């Protein structure tokens, strides 16, 4: 892929993200085109997953986040997004495993998603306690 095509894909991703509220379906189509031309681009898969989540397309979001994680397993932003999706799908065990991994990879809490992982763990614990009490 040429440098010009990569730069074009960068612009498309930015434009899609900016237009996501106005036209979520159009934004998703734009990002899907980037994924089809650059399938090894984790940020494009991540963006696609977030757009799928906005449309409650959990099945597609799971697939896209798994693709992104396969490409960038150390990306905490993607890993936390995946954990939060697992929580939405009531897969608490899987979510906790992902969140613990985030905490291990950012023990000093220097990355915003490392901090977020800890916040999500606390929220998840509270939610589970609340559900058990009702």
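Comparison of 110, 131, 79, 116 shows that the only residue that is assigned to a helix (DSSP H, G or I), out of contact with any strand residue (DSSP E or B) (no Cβ under 8 Å at 6 or more places or on another chain), more than 29 Å from residue 34 (Cα to Cα) and not assigned by TED's automatic domain parsing to the domain that holds residue 35 is 131. On inspection, residue 25 qualifies as loosely packed, with under 15 Cβ neighbours inside 10 Å, touching a residue at least 24 places away in the same chain (Cβ under 8 Å) and not assigned by TED's automatic domain parsing to the domain that holds residue 101.
Among (1) more than 10 Å from the chain's Cα centre (by Cα); (2) at pLDDT 95 or above; (3) buried (at least 16 other Cβ atoms within 10 Å of the Cβ), there is one condition residue 101 misses while meeting the rest; what is its number? Just one mismatch for residue 101, condition (2).
The values are calculated or read from the model by the stated rules, or taken from the named source; none is laboratory data. Owing to the predicted nature of the structure, the values given are computational and were not obtained by experimental measurement. Cβ sites come from the backbone with ideal geometry, for glycine too, and all protein chains shown count toward neighbours.
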